[in-house]
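Throughout, read-outs are computed from the coordinates displayed, never taken from laboratory work. Predicted model, so just to flag it, every value in this text is computed and none were measured. Positions of Cβ are backbone-derived with ideal geometry, glycine not excepted, and every protein chain shown enters the neighbour counts.
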C-alpha cells in the first residue's frame, strides 16, 4: 500500500537581515566570507527541513533550478555535521567536482558516480567511490548503490540520488520510475533517510506525480 504523499515543508526565504545583523563586528574574515557565500541562505533553509525528516523515510526533494548548484554542498555538509554515514549518487556532476567545493573530509560518505565516465576522466574504483559506465546502466547503478549501502555500519544512514532529472535525460520516464521504485523498496524502513532530487520543472510533472505515490514526503523548495 502506497503511503499518501504530502508536502513536508515549503520553504520561503527568511526576511533579509537588518543592517545591524548583516555584518557583525566580531566575525573574522573567514566567517564573514562563509556568511555571505552564494547559496548560504538556501543551505540554512534546507538544513532546517532535513532536521524534520525521520529515519526510515524516503523523500522526493524538488528544488528550483537557481538553487540546484547549492544542493549537493548543503546535503553533504549537513550529514557530515550530523556524523551520519551514507551514500551519495552523483549522476549530474562528477564526484571530484562536487568535492572541490567542500572544505571538510567526508570520510563517512560513500559515492556512486554515474557521470564521470562520460567525461573521459579516470574511473578506477576507490575505497570511497564506485564508478558506473553511464547513467543508462540502471541495473548496474542499482547494484552499486546496494553494495555501498550494505557497507555502512552506522545505525542511521542517508541515501541521496542526484538527480532523477538527470536520469530522465538518458532514460525513459518508465525506466526511471521503475529504478526509483526499486530504490525506495530496498531502503525504506532500514533507518535510512532517502532523498531523490529533482529540479522543479513542468517538463517532468508526470514523473513527480508518479513518484509521489511511493515516497513518504514530497518536499518542494521554493
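Semi-axes of the equivalent ellipsoid for the range 108-181, computed as √(5λ) from the eigenvalues of its C-alpha gyration tensor and ordered from largest down, come to 21, 17, 9 Å. Rg and Dmax, both from the Cα atoms of the range 151-217 and both in Å, are 12.5, 39.
Using a simple spin-label model with pseudo-atoms 7 Å out from Cα toward Cβ, residue 209 and residue 65 lie 2.2 nm apart.
Ratio of Rg to Rh for the range 47-100: 0.94 [Cα atoms; Kirkwood radius as inverse mean 1/r over pairs].
Cα centroid separation, the range 152-222 to the range 70-128: 17 Å. Look at the alpha carbon pairs under 8 Å that are at least 6 residues apart: their mean separation over the length of the range 68-194 gives a relative contact order of 28 percent.
Between residue 190 and residue 133, what's the calculated FRET efficiency when r is the beta-carbon distance and R0 is 22 Å? Round to 0.05. So the FRET efficiency works out to roughly 0.20. In the range 85-124, one over the average inverse separation of all distinct C-alpha pairs is 10.7 Å, which is the Kirkwood hydrodynamic radius. Taking one quarter of the surface of the convex hull spanned by the alpha-carbon atoms of the range 68-194 gives a direction-averaged projected area of 7.3 nm².
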